[in-house]
Each structure stands twice: as structure tokens, then as C-alpha cells.
Amino acid sequence: MTKKLLAECVGTFWLVLGGCGSAVLAAGVADVGIGWLGVAFAFGLTVLTMAFAVGHISGGHFNPAVTLGLTMAGRFESKDLVPYWLAQVVGSVLAATVLYIVLSGAPDFTGVGSFASNGYGAASPGGFSMISALVIEIVLTAFFLIVILGATSVAASPAFAPIAIGLCLTLIHLISIPVTNTSVNPARSTGVALFADGPALGQLWLFWVAPLVGAALGAIIWKMLASDD
């Protein structure tokens, strides 16, 4: 279990460092910045690479919503759910701390701003409402779980699962960065919210509730689709 928890911590660290780091450090650079498209691919690549690297150790969740969905689908022991959540949040907070240290060393540093945090209303990149944020996070997390459960099912080719899952997360970001800056992962949202300026910490509840609800729905839908899995 110690190795599993360390793998979840390391994997979530990489997800936040790579995904949020690309948004904070590389997305807005004039002329050569990677933009939202680059950030979307960065998040997908973090999951793809870590799923290959440590997925065989812990299952490669890196996300409390994924852990809940797998538990509800009968793929994960419920007694290990909370330890996995704790390891994932610790990894996220450690990555956010590293990003804060790096960003604070910029020559024109005056504060971290939104710090790639998730939000709605004024904190949404596109100014979308709380209802919009709830709906998009629930729906996209549900489909994320359906893809994960399908790609890792006994009828699928497990060697290709990380690719499908990573590309799914990329697509999710392409859809929802303008709405919420894309969470579908409570741990990812928590780490950066602790450092962000603005309302991120006060709005963090939504980015726990919506992904967890979405994960539960995704697991239920998958069980209806493949009851013999």
C-alpha cells in the first residue's frame, strides 16, 4: 500500500505540475505561448505518461473522482478510497508549492493571479455561471469515467488504455477550459486554490462536488452498459 500511495502522490504531482504549470508558465507568453490548446495537451500528456510509468503500481488514478468511480464500479476496494484521496491531494499541494516557488522567481512577479485555478462567474475564463460550471464538470467527469472503465475493461486492449485516457482528458480540456478552466479532478483544483488570488478557495466546493457526482454517474452508466464487466 505504501508504494501505491506514493505512486498516486507522484502521479498527481506530475499532473498538476505539467498541466497547471503549462498554464501558468507557458500559455500566455507573447508570440510563442502554447495557449489553451497546448494546456489541453499538457494535461492529457501528464496522465498518459504517468499511467504508463506507475499505473501498474497503483492503477493510475491521480484523481479522487476516478478513485470514487472505480470503487462504485467494483474495480477498487472501498477501504482504500480515503488513503488514495489523501495521497492525491498531497501530490497536488506539493506540485502547487513548486509552481509557486518557480513563479515567484520571475523578474516581474507581483502575485500569482488566478494560478490556473478553477472557477465560475468572474473566476471563469469565459464568465460562465455556477450552473454552467456544475453541468459541464458533472457531464465531462461522467464521460471521463466511462472512457476509463471501458478502456481498462477485460474486453479492451489494456496496453492502449493510457492513450485513450490521456486523449480523453485532452478533449475534456478542449471543451471546458473556457467554462471552468477545467477541473474534473478535485485534487488538481485543491492544490492551486490554496495559492491563488481571488475566489478560488471559496469556490472549491463545486470542484469537489461536481466531479464526484459525475464520477458516480459515469460508474452507474458503465455498469448499465457492461453489467458483466
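The values are calculated or read from the model by the stated rules, or taken from the named source; none is laboratory data. Just so you know, these numbers come straight off a predicted model, no measurement behind them. Neighbour counts run over all protein chains shown; Cβ positions are idealised from the backbone, glycine included. What goes into the accessible areas is simple: the full protein's heavy atoms, side chains included, and nothing from ligands, DNA or RNA. Shrake-Rupley method; radii C 1.70, N 1.55, O 1.52, S 1.80 Å.
Quick notes on this structure:
- Qualifying position, being buried (at least 24 other Cβ atoms within 10 Å of the Cβ), of a type in the set (Ser, Thr, Tyr), in contact with a helix residue (DSSP H, G or I) (Cβ under 9 Å, 6 or more places away or on another chain) and at positive phi, among THR141, THR190, THR182: THR182
- Residue tally, condition touching a residue at least 12 places away in the same chain (Cβ under 8 Å), in a helix (DSSP H, G or I) and open to solvent by 20 Å² or more (accessible area, probe 1.4 Å), over region 123-138: 6
- Of all residues making up region 98-119, the number that are open to solvent by 40 Å² or more (accessible area, probe 1.4 Å), in contact (Cβ under 8 Å) with a residue 40 or more places away in the chain and more than 14 Å from ASP197 (Cα to Cα): 2
- Qualifying residue in region 23-45 (condition: more than 21 Å from THR180 (Cβ to Cβ), open to solvent by 20 Å² or more (accessible area, probe 1.4 Å) and within 16 Å of the chain's Cα centre (by Cα)): no
- Qualifying residue in region 202-209 (condition: in contact with a Phe, Trp or Tyr (Cβ under 9 Å, 6 or more places away or on another chain) and either surrounded by 24 or more Cβ atoms within 10 Å (Cβ to Cβ) or assigned to a helix (DSSP H, G or I) (or both)): yes
- Of all residue pairs spaced 6 or more apart or on separate chains, those with beta-carbon atoms under 6 Å, a first member in region 67-92 that is within 15 Å of ARG188 (Cβ to Cβ) and open to solvent by 40 Å² or more (accessible area, probe 1.4 Å) and a second member that is assigned to a helix (DSSP H, G or I) and not aliphatic (A, V, I, L, M) are TRP85/PRO64; VAL90/CYS9.
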